[in-house]
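Engineer: Quick one: the structure is below, and I'll ask about it shortly.
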Amino acid sequence: MEKNHYQGLINKYRQYLPVTDTTPVVTLNEGNTPLIKADNLAKKIGLDCEIYLKYEGSNPTGSFKDRGMTMAVTKAKEAGAKAIICASTGNTSASAAAYGAKAGMKTFVLIPDGYIALGKLSQAMMYGAEIIAIKGNFDEALERVIEISQKYPVTLVNSVNPFRIEGQKTGAFEICEALGDAPDYHFIPVGNAGNITAYFKGYEEFLALGKTTHLPKMMGFEAEGAAAIVKGERILKPETIATAIRIGNPASWKQAENARDKSGGIINFVNDDQIVEAYKLLASTEGILAEPASAASVAGLIKANKLGLVEPGKKIVCILTGNGLKDPDSAIKYSGCEVKKTSSELSDILKAMQI
Ligand code: F0G
């Protein structure tokens, strides 16, 4: 048998990434995530299209951040950095802490106190990060870490670090390779707007190389209570149950608008009810537990379809950015499931089963 050991996205896509043969690659074998055809969902929402879900929750720390973090930490290591820092709504901190541990670096994370899903916090704790919870939101935390990284010898690994975008663009490469071309529509949650920027860069690069024939329409969705780009102004107190995208001043704001405008797409918003509906639908119709923020892409598709913005017969990809296991509180709260307790007697169990 021929040896075929997948060793992460830098090794797979090194010709498209700013690395050399001597770059010390820091990897947890991220990327290569499943692209799952969602026929039940298409039927349920009455859309005559091929829908695919890119399940980024299967990355090593459970979110798409690993794609960017392998690049950012690899380049930090190449430059001799001893410490990294980030602001985070949870996933970036989990990913930074994991890659920091792998690289033997110290990791500092600033998080908004009380607004981090339990799983994400427990990950950063176990990977050994220095965790600082501030009385403030993500936007304020990001301002602080930018300041700190400019004054002290710690490398910033938020998506304002261009290497993050380089790593994350490989998600677009994987989609194009799986489908044999770019999709027609690309639905994606928008928080700090790094990921929509990265995917668009990936699609543009494959088009320029002649590997694909067109760009997908980039369809970005913010949460209504944090919809700075849609509303055209910074939201000082962003609010949404999708804490991962509870962001009021996206760092890649202009790049997201560029992706929208160049691709003929949209940036719109979905409200918390629509997010919860999509979150539940994904689990109950497709067997996929994504986190609430991830469901914003599917909520966006449902909304766009209702508004008549989706042409039938097209290929659609929705990015599911993070694993639902990161946020067990939301899963338990919104599942509506009541656990039935009985004795261990067969008759009691059958009674509970109602058969
Ligand atoms: N989905 C999830 C699960 C996220 O964690 C994030 C961002 C996004 C979507 C939005 O992506 O910021 O590139 O537009 N999470 C960051 C964090 C902010 O700190 O983990 P974006």
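Engineer: Where does the chain land at 222 nm, in deg cm²/dmol rounded to the nearest 500, when only DSSP H runs of n ≥ 4 count, each adding -39500 (n - 2.57), divided by all residues?
Structural biologist: Counting only the DSSP helices, I get -12500 deg cm²/dmol.
Engineer: Cβ under 9 Å from Glu166's Cβ, Glu166 left aside: what net charge do those residues give with Lys, Arg +1 and Asp, Glu -1?
Structural biologist: Its environment carries a net charge of +4.
Engineer: For region 289-332, calculate the relative contact order in percent as a whole number, restricting contacts to Cα pairs under 8 Å that are 6 or more residues apart.
Structural biologist: Relative contact order comes out at 64 percent.
Engineer: For the chain, the longest stretch holding no trypsin sites (Lys or Arg not before Pro) located in a DSSP loop with at most 12 other Cβ atoms within 10 Å is which? Walk me through the intermediate numbers first.
Structural biologist: Values: sites that count: Lys3, Lys135, Arg234, Lys340, Lys341.
That would be 4-134.
Engineer: Starting from the Cα gyration tensor of the chain, take the square roots of the eigenvalues, sort them a ≥ b ≥ c, and report rounded, prolate or oblate (rounded when a/c is under 1.5, otherwise prolate if a/b is larger than b/c, else oblate).
Structural biologist: It is rounded, given that a/c, with a ≥ b ≥ c, falls under 1.5.
Engineer: Once amide H atoms are built 1.01 Å from N in the peptide plane, which residues 5 or more positions from Ile85, or in another chain, come under 5 Å H to H?
Structural biologist: Amide H neighbours of Ile85: Phe108, Thr155, Leu156, Val157.
Engineer: On a 28 Å Cα-Cα criterion, which of the cross-link pairs Lys231/Lys326; Lys135/Lys262; Lys12/Lys54; Lys12/Lys37 come out too long? The partial results should precede the final answer.
Structural biologist: Details: Lys231/Lys326 30 Å; Lys135/Lys262 38 Å; Lys12/Lys54 18 Å; Lys12/Lys37 24 Å.
Violating the 28 Å Cα-Cα cut-off are Lys231/Lys326; Lys135/Lys262.
Engineer: Output wanted: per-residue J couplings in Hz (rounded whole) for region 176-187, from phi through Karplus 6.51 cos²θ - 1.76 cosθ + 1.60, θ = phi - 60°, x for Gly and Pro.
Structural biologist: Taking θ as phi minus 60°, the curve returns 4, 5, 5, 8, x, 5, 5, x, 7, 10, 10, 9 Hz for region 176-187.
Engineer: Estimate the FRET efficiency between Glu345 and Asn29 by the formula 1/(1 + (r/R0)^6), using the beta-carbon distance for r and 51 Å for R0, to the nearest 0.05.
Structural biologist: For R0 = 51 Å, the calculated efficiency reads 0.60.
Engineer: I would also like to ask the following. Counting DSSP beta bridges in the chain, what percent are antiparallel, to the nearest 5?
Structural biologist: On the way: 5 of 36 bridges.
For the chain, the DSSP antiparallel bridge percentage is about 15.
Engineer: Region 289-355: Rg/Rh from Cα coordinates, Kirkwood Rh?
Structural biologist: Here Rg/Rh amounts to 1.24.
Engineer: Here is a further query. Quick one: compute the contact order of the chain, relative version, from alpha carbon pairs under 8 angstrom and 6+ residues apart, as a percent.
Structural biologist: Worked out over the chain, it gives 18 percent.
Engineer: Given the options Tyr203, Tyr152, Tyr52, which has the most mean-square fluctuation in a GNM of the chain, springs set between C-alpha atoms less than 10 angstrom apart?
Structural biologist: Tyr152
Engineer: In debye, nearest 20: dipole of region 1-94 around its Cα centre with unit charges on the Cβ of K, R (+) and D, E (-)?
Structural biologist: My answer is approximately 180 debye.
Computed from the coordinates by the stated procedures, all read-outs in this text should not be read as laboratory data. Quick caveat, the model's predicted, so the values are computed rather than measured. All Cβ positions, even for glycine, are placed from backbone atoms using ideal geometry, and neighbour counts span all protein chains on display.
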